[in-house]
Amino acid sequence: MPAIINTHSTELAQRVIDTIKTCYDPEIPVDIWELGLIYEINIDDESNLKVMMTLTSPSCPVAETLPPEVEQKLREIEGIKSAKIELTFEPPWEKEMMSEVAQLELGFM
């Protein structure tokens, strides 16, 4: 399930994606973009960023630390006025949401 991207700037969206790709679940050697943890990226006309993401499970050990870490990195992107992470578990994450890159890396293919 690819992320939904709503923005007026594809360049800014690409910078957001590139930044997200620097964020990893410490237990899995694949970035959160390739894992399919990002459901939606919204950048409004004033460059306020809202990202809807999930975790591999509601009881994920990094539930308290990963979203704020991602949010902090996103705030540092040039051109972003504000950044907010919204955590959701609907739909629940499944390994089929991973990209082929992630599935290969983790031995699922």
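Which residue, chosen from S9, M98, M52, occupies the Cα position most advanced towards the positive end of the dipole of region 4-99, where the dipole is computed from +1 (Lys, Arg) and -1 (Asp, Glu) charges on Cβ about the Cα centre?
Of the candidates, S9 comes out farthest on the positive side.
Sort S99, S57 so that the residue with the fewest other Cβ atoms within 10 Å of its own Cβ comes first and the one with the most comes last.
S57, S99
I'd like the orientation of helix 10-20 relative to the chain: the angle between its Cα long axis and the longest Cα principal axis, in ° from 0 to 90, rounded to 10.
Once rounded, one gets 40 degrees.
Nearest 20 debye, what's the magnitude of the dipole of the chain about its Cα centre given +1 on Lys and Arg Cβ and -1 on Asp and Glu Cβ? Let's see the in-between values first.
Numbers: 8 positive and 21 negative charges, 27 e Å.
Roughly 140 debye for the chain.
For region 1-52, which chymotrypsin sites (Phe, Trp or Tyr not before Pro) are both in a DSSP coil and crowded by at most 12 other Cβ atoms within 10 Å?
Answer in residue order: no site qualifies.
Using only the alpha carbon atoms of the chain, find the Kirkwood hydrodynamic radius as the inverse mean reciprocal pair distance, in angstroms to one decimal.
Hydrodynamic radius (Kirkwood, Cα pairs) of the chain is 14.0 Å.
Stretched out fully, how many nm does the piece from V101 to F89 gain, at 0.36 nm a residue minus the Cα gap?
Working: separation 12, 0.36 × 12 = 4.32 nm, distance 2.30 nm.
Taking 0.36 nm per residue and subtracting the Cα distance, the gain is 2.0 nm.
Which part of region 20-34 falls in the paramagnetic zone of E69, meaning amide N under 12 Å from the point 7 Å along Cα-to-beta-carbon?
22-32
Roughly how many nanometres apart are two label points built 7 Å out from the Cα toward the Cβ at K50 and E78?
Roughly 2.8 nm, to one decimal.
Just in region 40-109: which GluC sites (Glu not before Pro) are loop by DSSP and have at most 12 other Cβ atoms within 10 Å?
Here the GluC sites (Glu not before Pro) that fit, given the DSSP loop and packing criteria, are E46, E64, E76, E78, E94.
Tilt of helix 66-75 relative to the longest C-alpha principal axis of the chain, in degrees (0 to 90, nearest 10)?
Roughly 30 degrees, rounded to the nearest 10.
Please rank D18, D31, fewest neighbouring Cβ atoms within 10 Å first, as an exposure proxy.
Fewest-to-most Cβ neighbours within 10 Å comes out as D18, D31.
Within 10 Å, at most 15 other Cβ atoms, and a DSSP state outside H, G, I, E, B define an exposed site. Report the longest part of the chain free of exposed trypsin sites (Lys or Arg not before Pro). Let's see the in-between values first.
On the way: sites that count: K21, K81.
In short, 22-80.
FYI, it's all coordinate maths here, none of it is from the lab. This structure is a prediction, so every number in the text was calculated from the model and none was measured. Cβ: placed from backbone, ideal geometry, glycine included. Neighbour counts: every protein chain shown.
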